[in-house]
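All remarks here apply to the structure that follows.
The values are calculated or read from the model by the stated rules, or taken from the named source; none is laboratory data. This structure is a prediction, so every number in the text was calculated from the model and none was measured. As a convention, Cβ positions derive from the backbone with ideal geometry for all residues, glycine included, and neighbour counts pool all protein chains shown. Side chains are part of the model used for accessible areas, which takes the heavy atoms of the whole protein and leaves out ligands, DNA and RNA. Shrake-Rupley method; radii C 1.70, N 1.55, O 1.52, S 1.80 Å.
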Amino acid sequence: MPGITTSTVLNTDSALKAREIDFVTRFDKNWDALRTILGIFRPIRKEPGTSLVTYEAQMKDEALQGGASVGEGEAIPFTQFKVVESKREDIVVEKYAKSLTLESVSKWGAAVAIEKTDDAFMVELQNKVLKDFYTFLKTGTLKGTQKKWQKALAIAKGAVLNKFAGMNRNVTEVVGFANVMDFYDWLGDKEITVQTMFGLQYIKDFFGFSTLFLLPDDYIPAKTVIATPVENIDLYYIDPGDSDFKKLGLDYTTSGETNLIGFHAGGNYTNATGETYAIMGMKLWAEYLDGVCVVTVGTTENIPTV
């Protein structure tokens, strides 16, 4: 009687689905952790094609009206303010793809080749959103100069507190952004705990900042500090699980609650590669551009003004 051969069948579709779920879940958890550090609220969902706008509060008159020149019984002149649009940018869906050859998996094994490249892919996607945000912050219109780095931090924080008080806006916490080498140059032999999360270095409760982020030259130039209230920062996103995308036959795995990223994995038999695709429409944004203070360290001292 012929023997019976048994075999175990690997459900490839289930394995790929689990990998997709793991990727989007970890991505969203990373951003939840970053939001907690920044102090910003839940991400705000936007429709594709939505424009994000920043504003500036401006005086209509050349100078503040009133003061000691107003005589007894005289009408006090009004200083008129207006809010104007200062910057507009569309929030769009961005598309990314990564491929991994059969030879790479054969050489290094799936645990190394697939997991390590997925991790690297995720870091690059996160950094893309952050780098865009840092570039945006550097366009803040509340600008000044100071001779010392520590004084620049203090003036930057004071300037945004003063600005928001003038707009009758509450501020609970202020976050800062500085060049990492400037910080260590100032630090010397002082004992301060620096924390790290997915490549970001930061300090909690530093000189009155709820969080001070320490960034490389590519993100924040040397001799530059930036400050803004957490109330001025929002995270906007387009939901990759939007039903309209599925009408194209594009079904991306999402996390199921706040869908910041869509992810899909599959094999390409034509060239024997594993391919992964990611889409996201994420943007960190400041509502008031004149609520972002940029102070440079140099040879002069100028209090930030718009």
### Summary
Within segment 139-173, residues being within 30 Å of LYS95 (Cα to Cα) and either surrounded by 18 or more Cβ atoms within 10 Å (Cβ to Cβ) or among the hydrophobic types (A, V, I, L, M, F, W, C) (or both) number 1
### Task
Would you mention how many residues in segment 261-306 are of a type in the set (A, V, I, L, M) and over 30 Å from VAL105 (Cα atoms)?
10
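Kindly indicate the residue of segment 84-138 that is among the β-branched types (Val, Ile, Thr) and in a helix (DSSP H, G or I) and also least open to solvent (accessible area, probe 1.4 Å) among those meeting that condition.
That would be VAL129.
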### Summary
Those residues of segment 184-203 which are free of Cβ contacts under 8 Å to residues at least 60 places away in the same chain and assigned to a strand (DSSP E or B) amount to GLN195, THR196, GLN201, ILE203
#### Entry: Search result, residues across segment 265-283 that are in contact with a Gly (Cβ under 8 Å, 6 or more places away or on another chain) and charged (D, E, K, R)
GLU275
### Query
Name the residues in segment 207-224 that are in contact with a Leu (Cβ under 7 Å, 6 or more places away or on another chain), closer than 11 Å to VAL174 by Cβ and either aliphatic (A, V, I, L, M) or open to solvent by less than 60 Å² (accessible area, probe 1.4 Å) (or both), would you?
THR211
### Task
Please enumerate the residues belonging to segment 204-224 that are of a type in the set (D, E, K, R) and either under 21 Å from VAL129 (Cα atoms) or in a strand (DSSP E or B) (or both).
LYS204, ASP205, ASP217, ASP218
### Task
Output the residues belonging to segment 177-197 that are surrounded by 15 or more Cβ atoms within 10 Å (Cβ to Cβ) and modelled with pLDDT under 95.
VAL194
### Query
In segment 50-72, what count of residues is obtained for those that are open to solvent by less than 90 Å² (accessible area, probe 1.4 Å), modelled with pLDDT of 70 or more and not in a strand (DSSP E or B)?
3
### Task
Check ALA33, ALA75, ALA18 and return the single one that is in a loop (DSSP other than H, G, I, E, B), modelled with pLDDT of 75 or more and small (Gly, Ala, Ser).
ALA75
